[in-house]
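The values are calculated or read from the model by the stated rules, or taken from the named source; none is laboratory data. Here the structure is a predicted model, which is why all the values come from computation and not from measurement. Here the Cβ positions follow ideal geometry from the backbone for every residue, glycine too, while neighbour counts run over all protein chains shown.
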Amino acid sequence: MYAIRAATPADRPGATALLARAQAVPEQHVGYHGVTVEEITAELAAVRPTWASGAAVGVDGDGVVRAVLSVDVDREVGRAWLYGPFVEVPDGHPAERQVWHNTADDLLDVVLRTPALAGITDLELYGHRRNRRLGDFAARHGFAAGSASRVFTLTGAALRSALVGLAEEPGCGPVRLGKDPLVRRQVGDLHERCFPNRTVSARQLVEGARGHTVVTLTGVDGLIGYAAGFIQEEEFSVDYVAVDPNMRSAGAGRSLVRALLRELAAEHGARGRAAAVIALGNDASERMFTALGFDLHLELVGYRRQEPAAGAVVGW
Ligand SMILES: CC(C)(COP(=O)(O)OP(=O)(O)OC[C@H]1O[C@@H](n2cnc3c(N)ncnc32)[C@H](O)[C@@H]1OP(=O)(O)O)[C@@H](O)C(=O)NCCC(=O)NCCS
């Protein structure tokens with residue numbers, strides 16, 4: 001129905017417009033993207049190595065982008081994230097489901113053959129819990145469903161109060177990660193212990209290679225914990241928070257998150273929202289974020305395929 005081909009840089013505005021239409025609908029929402037044109041524009045600009053080098057599009061007879069699948073590759077962790085697939089099927093099409101799946105399969109074929117993905121066999125998909133087609137697509141292509149996660153957000157007065165609260169604790173709270181090799185090593189060790197399935201390596205984290213700002217809290221015995229996050233077009237993103245197991249439930253986590261938000265605001269300017277993704281069942285993390293005023297925003301499910309599953313694609 002659509003002409004499927006590798007993307008070119010000229011496809012990016014059309015792809016951005018399609019994504020903004022789809023992201024507004026839970027049944028089509030993909031966890032890697034925001035919802036506004038501004039957010040999506042920034043996200044596509046940050047895709048490695050470049051958006052067009054790892055993307056496929058489907059265009060209709062008028063040349064309008066109606067389908068897209070992009071891939072973001074990190075060779076250091078040997079993993080790639082598939083952003084999509086997004087397929088726009090005309091309302092009332094008699095074979096809507098089949099068109100969606102056939103188009104999505106064709107997009108995947110093109111993307112898997114791009115040089116960007118050469119040698120990468122660890123792939124992830126990530127979508128709204130109500131994006132059932134993504135779940136079906138994942139299952140047909142041999143991706144295992146992972147645990148669900150929840151996105152919590154902090155806005156308005158609660159965000160302002162989290163930012164202002166720490167200003168009243170000068171000198172004794174968390175500080176920005178500096179050059180001290182001991183603290184850097186301790187942050188890396190805690191990161192690796194707390195996040196065995198991490199998507200950012202300890203080196204990338206402490207060196208800021210993936211754009212993280214890191215704050216740390218130390219006590220007489222060394223590192224108590226750290227928080228790491230980055231700035232997005234419209235929000236502060238809290239990516240990792242970890243506290244030494246012997247130091248938990250004493251408010252360190254909360255203090256680190258507040259410090260991180262304040263540091264991000266000081267460095268990059270204000271944003272209207274902070275967001276954090278929490279694995280379903282991580283009650284301590286959920287308690288920490290809700291105590292700061294974060295509210296449940298949406299639920300997402302990840303799917304992962306670590307080896308090409310020969311014969312996993314079944315007809316339907
Ligand atoms: C999540 C984490 C950072 C919290 O650190 P912390 O210093 O204990 O955080 P805080 O003390 O500010 O808040 C934790 C809250 O959870 C509560 N809590 C602890 N364990 C809990 C559990 N199993 N179930 C429910 N609540 C729990 C604490 O009592 C505390 O709430 P309270 O102050 O109202 O009593 C820490 O548990 C951790 O490092 N976990 C491993 C890494 C991780 O999962 N990070 C989060 C993902 S980004």
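Condition check: modelled with pLDDT of 95 or more and either in a strand (DSSP E or B) or buried (at least 17 other Cβ atoms within 10 Å of the Cβ) (or both). Does residue 44 satisfy that?
No: the conditions fail for residue 44.
Can you name the residue in region 280-295 that is more than 6 Å from the ligand (Cβ to nearest atom) and modelled with pLDDT of 95 or more and, of all such residues, is surrounded by the fewest Cβ atoms within 10 Å (Cβ to Cβ)?
Restricting to residues being more than 6 Å from the ligand (Cβ to nearest atom) and modelled with pLDDT of 95 or more, the top hit is 295.
Taking region 257-279 as the search range and keeping residues that are within 17 Å of residue 241 (Cβ to Cβ), outside any helix (DSSP H, G or I) and in contact with a helix residue (DSSP H, G or I) (Cβ under 9 Å, 6 or more places away or on another chain), which one is farthest from the ligand (Cβ to nearest atom)?
Applying the filter and picking the extreme gives 274.
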